[in-house]
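Just below is one structure, and these are the notes that go with it.
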């Protein structure tokens, strides 16, 4: 088994801190692997390689969360063009305007502790619901 020098989460966060969305590829099958892991889920291979995503994809599923005294929030599952899915949100349009199939592009945000995380923006700037 190969030597592991950093955890998969640390590796992913390192890419995010550089403004890049990364994922792994199982070198034995060629399949994308996400969330980052030490061992590929299907093949059991430890031969995983980091790749950088172009950050483009489509909304695979979405829901709108309504919280008391706060604006609605969308939660979306994004199908990246490289073949993996990531749960996130789509910003820049009303939560109710996010639709399945909508093309999106990644952008980075930081939480209160300065930890980066990916969110998505519609690629079509004329998306239904308008920009906020």
Original post:
Taking every DSSP beta bridge that has both residues in the chain, what percent is antiparallel when rounded to the nearest 5?
Top reply: 95 percent
Original post:
For segment 33-132, which semi-axes, largest first and in whole Å, follow from the square roots of 5 times the eigenvalues of its Cα gyration tensor?
Top reply: 27, 16, 13
**OP:** Could you list 100, 93 in order of exposure, starting from the residue whose Cβ has the fewest other Cβ atoms within 10 Å?
**Re:** 100, 93
**OP:** Go ahead and estimate [θ] at 222 nm for the chain from helices alone: -39,500 (n - 2.57) per DSSP H run with n ≥ 4, summed, over the residue count, rounded to 500.
**Re:** -2000 deg cm²/dmol
Original post:
Taking square-rooted eigenvalues a ≥ b ≥ c of the alpha carbon gyration tensor, is segment 8-52 rounded, prolate or oblate, where a/c under 1.5 means rounded and, failing that, a/b exceeding b/c means prolate?
Top reply: prolate
Original post:
Among 35, 84, what is the fewest-to-most ranking by other Cβ atoms within 10 Å?
Top reply: 35, 84
Original post:
Which length gain, in nm to one decimal place, applies between residue 42 and residue 124 when the Cα-Cα distance is subtracted from 0.36 nm times their residue separation?
Top reply: 26.0 nm
Original post:
Roughly how many whole Å is it from the C-alpha centroid of segment 65-87 to that of segment 1-47?
Top reply: 23 Å
Original post:
Under a point spin-label approximation (7 Å from Cα along Cα-to-Cβ), what is the residue 28-residue 100 distance to one decimal in nm?
Top reply: 3.4 nm
**OP:** Obtain the nm distance between the two label points defined at residue 7 and residue 70 by a simple spin-label model: each point lies 7 Å from its Cα along the Cα-to-C-beta direction.
**Re:** 2.5 nm
Original post:
Relative to the longest principal axis of the chain, what angle (0 to 90°, nearest 10) does the C-alpha long axis of helix 8-17 take?
Top reply: 50 degrees
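Values in this text are rule-based calculations from the coordinates and carry no lab data. Because the structure is predicted, anything quoted here is derived from the model rather than measured. Note: ideal-geometry Cβ built from the backbone for every residue, glycine included; neighbour counts use all protein chains shown.
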